[in-house]
1. For a quick check of understanding: with a 1.4 angstrom probe and all protein chains in place, what accessible area in square angstrom does Lys105 have, to the nearest ten?
2. For the chain, with the dipole built from +1 on Lys and Arg beta-carbon atoms and -1 on Asp and Glu ones, taken about the Cα centre, which of Phe81, Pro283, Gly98 lies farthest toward the positive end?
3. What is the calculated FRET efficiency for Thr404 to Ile320, with r their C-beta to C-beta distance and R₀ = 30 Å, to the nearest 0.05?
4. Which residues in the stretch 87-103 have a backbone N closer than 19 Å to a point placed 7 Å from the Cα of Gln257 along the Cα-to-Cβ line?
5. Distance in nm between label sites at Ser370 and Asp250, each 7 Å beyond Cα in the beta-carbon direction?
6. State the extension gain, in nm to one decimal, for the chain segment bounded by Thr387 and Asn284, taking 0.36 nm per residue of separation less the distance between their alpha-carbons.
7. For a label point 7 angstrom out from the Cα of Ser355 toward its Cβ, which stretches of the stretch 366-390 have the backbone nitrogen within less than 11 Å?
8. If each DSSP helix of 4+ residues adds -39,500 (n - 2.57) and the sum is divided by the residues in the chain, what number results at 222 nm, nearest 500 deg cm²/dmol?
Amino acid sequence: MAKKNGSVLYKCSSCGYSQPRWLGKCPECNEWNTFEECIIDSSKISAAGRGSSTQEKAKPVSLASVNAQNNTRFETGIPEFDRVLGGGATKRSAILLGGEPGIGKSTLLLQTAASIAKGFGAGGKVLYVSGEESAGQIKERADRLGLDVSGIQLLCTMRLEDCLDALDSLNPLFVIIDSIQTIYSAEAGLIPGSVNQLKYCANEFISWVKERDAVLIMTAHVTKEGNIAGPKSMEHMVDTVISFERNDEDIRFLHCQKNRFGSVDELGIFTMTEKGLHPVLDPNSLFITKRTDKQPAGVSCTAVFEGSRVFLVEIQALTIPAKANISRIYSEKIDSGRVARIAAVLEKRCGIRFSDQDLYVNVAGGVKLSESSIDAAIATSLYSARTDIPLPPGSALFGEISLTGEIRPVSKTSQRIKTAHSLGFSNIFAPEEAPGIQTVSDIKSLIKTVFSK
């Protein structure tokens, strides 16, 4: 009986004897009712002659009878990478890492591969597939970074069939594909990077890793808007999607956009040096400016959470008269709509005009903020910039501002207060009543309390 993608074969589950028709009794082992329907997938026949595959026909089972899978992890040896992954790499998972050219994706993965190979203590456990660089270029980078690469197997090719052959022969525990846009198969055409190529090649790699206790990481190119190039379905196919970004300096940020095995709130921070990427264990040193002189106007500090960590960030604001009476908002690290909303609340509830001003808002260190707890700090920064009155030294603020001007409480207040006190902030303003803070209930009381002196 012919099928669209192949034909049907009946196989004995006891001895493996197969034939094209169903039989009640196996003529080979004489067992009864052991023939199961299988599908011969002719699409698996490749130009390299990999042959066809026979798969048992999928059948529904009771979910209650299924044993839950405990996702086992192993650490990559890169603390910030493990943090973003949710505590380490999960076996039988596929990870997609996207980032702009030259940001350090290959450097990060080469350092990770060397660390994992060292942890395994045996060669052949890590396979690094490169479709962009030669073996000599990769070895030169490894020598410059001072990495021990004795446990890494390297394959420089763009052909999918070569990659699958190497995977089957080596059976590695950690696989890196750098990058998925360079891999092609004759089954999907001869041009790498097309939609069909990306879906077909990614599916082949993911199918391989799902059947083994291994981890697959594929790097991906990004568009000029910062999105991963190719079909959106590729992000649905993998288990984890990680974005690799940077600020204007040598700071790199890793954060999850999707993670089936952990949180997407964790942030990994690195500094890029000539010796590679180094984790930043104390992010407060990056986001708080240490000043010996008086604090300028337009600057305020707030406590934010990124996953399980809390740290202080500095929000900076600048207001100047708008040209041609058309005001604009320039804010890359904080949503400009949030800035416009808070400025409108200040103008309505406090009587200070922003509609004729151009507003510039920035975050020191280049980290993007989306928490609602930063509203109070944005409001005081805008007021300070507009009036040219600086905040009192050692001030930290957090609270969500509603359209009515009320300041709403935020989560994990005690952790924010503790972190602010540990960094020397003595004037803390928040909507909750708690030891060591000054309580503010609305935006009027916030402005009055902070700038009373």
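The values are calculated or read from the model by the stated rules, or taken from the named source; none is laboratory data. Keep in mind the model is a prediction, meaning the values are calculated, not measured. Using ideal geometry, Cβ is built from the backbone for each residue, glycine included, and neighbour counts are taken over all protein chains shown. Protein only, heavy atoms only, side chains kept; ligands, DNA and RNA dropped before computing areas. Shrake-Rupley method; radii C 1.70, N 1.55, O 1.52, S 1.80 Å.
1. Per-residue accessible area (Lys105): approximately 30 Å².
2. Projecting each Cα onto the dipole axis, the largest value belongs to Pro283.
3. Details: r = 29 Å, r/R0 = 0.96.
It comes out at approximately 0.55.
4. 94-103
5. 3.0
6. Numbers: separation 103, 0.36 × 103 = 37.08 nm, distance 2.81 nm.
Taking Thr387 through Asn284 to full extension adds about 34.3 nm, to one decimal.
7. none
8. Numbers: 11 runs with 116 residues, N = 453.
Taken over the chain, the calculation gives -7500 deg cm²/dmol.
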